[in-house]
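One structure is given below, encoded as structure tokens.
The values are calculated or read from the model by the stated rules, or taken from the named source; none is laboratory data. Just so it is clear, the model here is predicted, and its values are computed rather than measured. Positions of Cβ are backbone-derived with ideal geometry, glycine not excepted, and every protein chain shown enters the neighbour counts. Ligands, DNA and RNA are stripped out before the accessible areas are found, and what is left, the full protein with its side chains, is counted by its heavy atoms. Shrake-Rupley method; radii C 1.70, N 1.55, O 1.52, S 1.80 Å.
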Amino acid sequence: MKGIFSVLVENKDGVLSGIAGLFARRGYNINSLAVGETEQHDVSAMTIVSDGDTRTIDQIEKHLNKKVDVIKVRRLEETKCIQLEMMLIKVSCSPTTRGSLIELCSVMGAKIVHVAPKNMVIELHAEPDTISEFIELVRSYGILEVQRTGTIAMSKN
């Protein structure tokens, strides 16, 4: 089971370390973690994605709620939230493969942000599954480097 947590925290030193420590001490895995300032300078939003059985996900939520620097915890349902990631990927290409790679980017909604004689850097904003699919589709060209932001999520309601 996947647990998606939207957590508002005080924007101050040590908060991220405290959250990561909670997961480490309890043996919970963090699949993805994204943190950014909100419209309020003193509040940050974290999106934490973890997995486990129902009991584990419930425990994570309880432990997050107990943290002093945590303002609010919301568990998001996969079907009732929007999940997005950003990825930069550097892919090998030659003059003969460049056209098919450009076409694939067009179909998938990816943007080419840099072209060099032997590679391209491609940017993609999409759902995590779409990002993973894109990686598999370009694997045959030769992946040189991948950077992913981690999931951010927001309730549709």
**OP:** Would you compute, from DSSP H runs of 4+ residues alone, the mean residue ellipticity of the chain at 222 nm, taking -39500 (n - 2.57) per run and dividing by the full residue count, rounded to the nearest 500?
**Re:** -9000 deg cm²/dmol
Subject >> Under 17 Å from Lys12, Cα to Cα: aspartates and glutamates that are on another chain or at least 8 residues apart >> reply: Glu37, Glu39, Asp42, Asp69
Subject >> Solution diffusion estimate, µm²/s, Stokes-Einstein, the chain, Kirkwood Rh from C-alpha pairs, 20 °C, viscosity 1.002 mPa s >> reply: 124
Subject >> Accessible-area composition of the chain, carbon plus sulfur, in percent [1.4 Å probe] >> reply: 51
Original post:
Once both labels are modelled 7 Å past Cα along the beta-carbon direction, what's the Glu77-Ser106 spacing in nm?
Top reply: 4.0
**OP:** Might you report the magnitude of the Cβ-based charge dipole of the chain about its Cα centre, with Lys and Arg at +1 and Asp and Glu at -1, to the nearest 20 debye?
**Re:** 260
Original post:
Under a straight-distance cross-link criterion of Cα-Cα below 27 Å, which lysines are reachable from Lys80, leaving out those fewer than 8 residues away in the same chain?
Top reply: Lys2, Lys62, Lys66, Lys67, Lys72, Lys156
